[in-house]
Amino acid sequence: MIPGRKVLIPSDVLSRRIAVMGIGLGEKVASAKGSVVVVCVLKGAVKFTTALVSWFPPNYRIDYVKTAGYTEGEANKDGIRMLYDGIEYVDGAYVLVVDDIGDRRLTFQFLDKVLYERGAKKVENVALLNKPERRECDTVLHYVGFNLRGSPFVWGSGLDGRDKIQRTRNDPEICYYADYQGEVGYTIPTNLPQ
């Protein structure tokens, strides 16, 4: 157990929500014309992506990317750089970009641009968690599992803690640290394909 751990979203609530998202998106994937590519952002989105696509029909491919923010002094207008680019052929494809959290949304903005430049027909963004208060760009999150209230540092279910240790990533629940003093909570959006 991690000292100072508080549960924000219990594992049963996470599982049910991911199932609803997976079923809804699975219907969209099933009806897609042409190739379907799921781009999983490493490492945080692996657990979410795996659970999500378990509800999809088998007409998709998963590609992986790893990104990082630039540090001060490094020049990039998007603030994001690609550490690993496992995106294969996406020309004419329907692409779902899946990440663990859409806070600043800069990763989604960066990947959307890369994918459209490579010829993707349509790109939609999927995030397990959304922190609307931290948004820094107008990039759309098409499908969101949970909108977080407040801005606690969250971890678990694939997200690593502020100490960057694997055991926080492996926690089955979304947690936050007890020393967070602000508002905390979540809502479940209704923006899924029905």
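Here are a few things to note about the model shown:
- Surface analysis of the chain yields an accessible area of 48 Å² per residue, using protein heavy atoms and a 1.4 Å probe.
- Residue-wise HN-Hα coupling along segment 35-44, computed from phi with Karplus coefficients 6.51, -1.76, 1.60 (Hz; x: Gly, Pro): 7, 10, 10, 9, 9, 9, 8, 6, 9, x
- Proximity of backbone amide H atoms, modeled 1.01 Å from N, is registered between Asp63 and Val38, Val39, Cys40 at under 5 Å, excluding neighbours fewer than 5 places apart on the same chain.
- When you restrict to C-alpha pairs under 8 Å that are six or more residues apart and normalise by the size of the chain, the relative contact order lands at 24 percent.
- Whole-Å semi-axes of segment 15-69's equivalent ellipsoid (Cα gyration tensor): 20, 15, 8
- Helix 106-117 axis, angle to the chain major axis (alpha carbon atoms, nearest 10°): 10
- Most simply put, the chain has about 40% antiparallel DSSP beta bridges, counting only bridges with both residues inside it.
- Excluding exposed DSSP-loop trypsin sites (Lys or Arg not before Pro) (at most 16 other C-beta within 10 Å), longest clean stretch of the chain: 78-117
- Ellipticity estimate at 222 nm from DSSP helix runs (n ≥ 4, -39,500 (n - 2.57)) divided over the chain, nearest 500: -7000 deg cm²/dmol
- Tensor-based shape of the chain (alpha-carbon gyration tensor, a/c under 1.5 rounded, otherwise prolate or oblate): oblate
- Derived scalar couplings ³J(HN,Hα) [segment 9-20; Karplus, 6.51 cos²θ - 1.76 cosθ + 1.60; whole Hz; x for Gly, Pro]: 10, x, 4, 5, 5, 4, 4, 5, 5, 5, 4, 4
- Proximal lysine pairs, the chain, alpha carbons under 19 Å, eight or more residues apart or interchain: 17
- Residue by residue, segment 172-185 carries 3J(HN,Hα) couplings of x, 10, 8, 10, 9, 8, 4, 7, 6, 9, x, 5, 8, x Hz when phi is fed to the Karplus relation 6.51 cos²θ - 1.76 cosθ + 1.60 (θ = phi - 60°); x denotes Gly or Pro.
- Percent RCO, i.e. relative contact order, over segment 1-102, from Cα pairs under 8 Å lying at least 6 residues apart: 33
The values are calculated or read from the model by the stated rules, or taken from the named source; none is laboratory data. All values reported here derive from a predicted model rather than from experimental measurement. Every residue, glycine among them, receives a Cβ derived from its backbone with ideal geometry; neighbour counts consider all protein chains shown. These area figures cover heavy atoms from the full protein model, side chains too; ligands, DNA and RNA do not enter into them. Shrake-Rupley method; radii C 1.70, N 1.55, O 1.52, S 1.80 Å.
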